[in-house]
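Only one structure is covered here, and it is reproduced in the block below.
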Amino acid sequence: KAGVTQTPRYLIKTRGQQVTLSCSPISGHRSVSWYQQTPGQGLQFLFEYFSETQRNKGNFPGRFSGRQFSNSRSEMNVSTLELGDSALYLCASSGGGDEKLFFGSGTQLSVL
Amino acid sequence: GQQVMQIPQYQHVQEGEDFTTYCNSSTTLSNIQWYKQRPGGHPVFLIQLVKSGEVKKQKRLTFQFGEAKKNSSLHITATQTTDVGTYFCAGPVQGAQKLVFGQGTRLTINP
């Protein structure tokens, strides 16, 4: 069974640009969560989607948004990038009534 | 909001020494999960504890869930270089489908 796949693996953007990150969950998993990881702040919850519906959102500005498609694949978008958005963005899926998360390898975003 | 605190933030040990990380939640948890993230890697699920006072072992790793279900610990006996990484605890937020993670304990080992 394939794991959680995130693309791209690395991304370099400049301030003011926007970026879209992609996540393909484990087959059969319908819940996809996104986390931002920085050295100083640890793992911060962004949002969680289930069956194309956002069920929860973390304390991030509206520049951070996401969506989930009917095949459970998810994307997150960050608009008007700021230097502080530089981080590792992790996607995780879960399913089958199990709460444990399976993480992808992440997208390392650098904002210059 | 619900907070999960983890200490210590960093721990450096000699290979063969024991290691313990502690996790405390501001609220009672229905369960607690532990993850390990190797340097340059992503968090990987280790274990989930559900019952009050539960103790689970995985080889040299011992996980405990407190009686009040607000704290937990991970103890590694006789560390090996393969144990290097950051260990996170995480608890579900009541009424919400999300996990709150502790800040993690970064373990480094002197071989």
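For this structure, a couple of remarks:
- 3J(HN,Hα) from dihedral phi, the stretch B:73-90, Karplus parametrisation 6.51/-1.76/1.60, rounded to Hz, x for glycine, proline: 9, 10, 10, 10, 8, 6, 4, 10, 4, 6, 7, 4, x, 10, 9, 10, 9, 8
- Under 5 Å, built H, 5+ apart or other chain: amide partners of A:S105: A:Q6
- Rg/Rh for the protein assembly as shown (Cα atoms only, Rh after Kirkwood) is 0.97.
- Cα gyration tensor shape of the stretch A:36-112, rounded if a/c is under 1.5, else prolate or oblate by comparing a/b with b/c: prolate
- Legend: P(r) of chain B from all alpha carbon pair distances, 5 Å bins from 0, whole percents, reading 2, 13, 24, 25, 19, 10, 5, 1, 0.
- Over all other residues within a Cβ to Cβ distance under 13 Å of B:G104, the charged ones net out to +3, with Lys and Arg as +1 and Asp and Glu as -1.
- Peptides A:51-59, A:98-106, ordered by how many other C-beta atoms sit within 10 Å of their residues on average, highest first, read A:98-106, A:51-59.
- The apolar share of the surface of the protein assembly as shown, taken as the fraction of accessible area on carbon and sulfur atoms (1.4 Å probe, ligands and nucleic acids excluded), comes to 48 percent.
- Residues whose amide H lies under 5 Å from that of B:G85, counting only those 5 or more places away or on a different chain, are B:L107; hydrogens are built 1.01 Å from N in the peptide plane.
- Residues losing 30 Å² or more accessible surface upon assembly, the stretch B:21-51, compared with the chain by itself, 1.4 Å: B:Y35, B:Q37, B:H42, B:P43, B:F45
- Chain pair A, B: total accessible area buried, heavy atoms, 1.4 Å probe, Å²: 1500 Å²
- Beta bridge orientation in the protein assembly as shown: antiparallel %, DSSP, nearest 5: 90 percent
- Total charge dipole magnitude, the protein assembly as shown, about the Cα centre, Cβ charges on Lys, Arg, Asp, Glu only, Debye to nearest 20: 360 debye
- Cross-link pairs exceeding 28 Å in C-alpha to C-alpha distance, out of B:K57/B:K98; A:K57/B:K57; A:K13/A:K100, comprise A:K57/B:K57; A:K13/A:K100.
- Protein-protein interface of the stretch B:81-111, residues with accessible area decrease of at least 10 Å², isolated chain reference, 1.4 Å probe: B:F88, B:P92, B:A96, B:Q97, B:K98, B:L99, B:F101, B:Q103
- Per residue, the accessible area of the protein assembly as shown comes to 48 Å² when a 1.4 Å probe rolls over the protein heavy atoms.
- Calculated FRET efficiency, B:H75 to A:D98, Cβ-Cβ distance, R0 = 25 Å: about 0.50 to the nearest 0.05.
- Compared with its chain on its own, the stretch A:71-101 contains the following residues whose accessible area drops by 20 Å² or more in the full protein assembly (probe 1.4 Å; ligands, DNA and RNA excluded): A:E99, A:K100, A:L101.
The values are calculated or read from the model by the stated rules, or taken from the named source; none is laboratory data. This one's a predicted model, so the numbers in the text were calculated from it and none came from an experiment. No Cβ is skipped: glycine too gets one built from the backbone with ideal geometry, and neighbour counts run over all protein chains shown. We work out accessible area using only protein heavy atoms, side chains counted, and drop any ligands, DNA or RNA first. Shrake-Rupley method; radii C 1.70, N 1.55, O 1.52, S 1.80 Å.
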